[in-house]
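Working notes, structure below.
The values are calculated or read from the model by the stated rules, or taken from the named source; none is laboratory data. On a predicted model such as this, the values are computed, not experimentally measured, just so you know. As a convention, Cβ positions derive from the backbone with ideal geometry for all residues, glycine included, and neighbour counts pool all protein chains shown. Calculation scope for accessible area: heavy atoms of the full protein, side chains included, ligands and nucleic acids excluded. Shrake-Rupley method; radii C 1.70, N 1.55, O 1.52, S 1.80 Å.
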Amino acid sequence: MATAPGTPLQRQGTAWTCVRTTDTAPAGAAAPTSAAPAPAARAQAADPKPNPGLGMCTGADPRQSSRKAYCVRHWVIYEALGKDGSVADHATVFVAAAASMDSLPQAAWREDVITEVVEMTEKMPPVTMALSSTCSGQCSPGSSAWDGAAVRFRRLHEGKDGTLSYSSSVGKGFNTTILPTYRVEGAILNGSGPPTHIRPEWNGIEVRCDDDSGSWPGCIVPGHLANVTFSKARYRGAAIAYEWAQKNLTGKYGDHDHPLNRFTDPLDPKNDKR
């Protein structure tokens, strides 16, 4: 966006401002202290039900998940451009959304949002960020992060935590595929007049919600096998028999490479509820 005439940004040589996003950490970006473990400790202390997604916000892959948790990382880049299109000053804000699929009852879940400035040049003005989300499928998003307000970042390693949430009204016997999409409304403050807001966005991790079995609906991250443990103390001989069969029978039924699947007998459809 073009810089407004007569503003401090224009007087220091900035002709354009740009806000963009990437799922790869910029080469000069500092490692975010907010990725882990410090923010994880803050979030866990505030929430009596720990969020396993916070432990996935590190490593080379910016999108990590298990069956019941995930973390999506992104970097928002603010740039002040000269008349020749070169970057004069810039700031990069790290954003992570970490979720536990068990964080809210039934077909609903919450994300802990972590932000931190990981790059900011000396003459870069303050930048603002408002974060919201939408979701596809049979899904309704909750409130925007920070109750819809924009947070202001002035210096390196400054950050602010928040939350986003989602819920599905999927009906009995049905399922729905949900894809969250995150939107940043960002601006570079120039000290004179209203800032120009730019709205980049990116997709999250696909979630499936259903009410196919059990007493209430629920949600998972598809692509991960369920792991069911039969306690020998509780199930005794049955658990021992299952273990022996899994290790010794040719089919290796129920191990990682030979997963079990739900089957409804068309001649006895009520069997899946027994």
### Query
under 25 Å from residue 166 (Cβ atoms) and modelled with pLDDT of 85 or more: does that describe residue 234?
no
### Summary
Per the filter on segment 127-163, residues over 29 Å from residue 80 (Cβ atoms) and of a type in the set (A, V, I, L, M, F, W, C) are 135, 139
### Task
Select from segment 49-65 the residues that are in a strand (DSSP E or B) and surrounded by fewer than 16 Cβ atoms within 10 Å (Cβ to Cβ) and list them in ascending order.
63
### Selection within segment 93-102 - outside any strand (DSSP E or B) and surrounded by fewer than 22 Cβ atoms within 10 Å (Cβ to Cβ)
102
### Query
When only residues in segment 141-161 that are closer than 14 Å to residue 120 by Cβ and not aliphatic (A, V, I, L, M) count, which is surrounded by the fewest Cβ atoms within 10 Å (Cβ to Cβ)?
155
### Query
In this structure, is residue 222 farther than 30 Å from residue 120 by Cα and at pLDDT 90 or above?
yes
### Query
Say we look at segment 198-217 and pick out the residues that are open to solvent by less than 50 Å² (accessible area, probe 1.4 Å) and under 20 Å from residue 111 (Cα atoms); which of these is modelled with the lowest pLDDT?
200
#### Entry: Filter pass, residue 229 being open to solvent by 50 Å² or more (accessible area, probe 1.4 Å) and of a type in the set (Val, Ile, Thr)
yes
## Note on the structure
Counting only residues in segment 47-70 that are among the hydrophobic types (A, V, I, L, M, F, W, C) and at pLDDT below 95, the one farthest from residue 105 (Cα to Cα) is identified as 60
### Query
Picking from 4, 29, 35, 43, which residue would you name as being modelled with pLDDT under 75, touching a Cys at 6+ places or on another chain (Cβ under 7 Å) and open to solvent by less than 80 Å² (accessible area, probe 1.4 Å)?
35
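So that you can scan it fast, the table gives a plain yes or no per residue for (1) open to solvent by 10 Å² or more (accessible area, probe 1.4 Å); (2) over 18 Å from residue 151 (Cα atoms); (3) among the small types (Gly, Ala, Ser); (4) free of Cβ contacts under 8 Å to residues at least 60 places away in the same chain:
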| site | (1), (2), (3), (4) |
| --- | --- |
| 70 | no, yes, no, no |
| 86 | yes, yes, yes, yes |
| 91 | no, no, yes, no |
| 115 | no, no, no, no |
| 128 | yes, no, no, no |
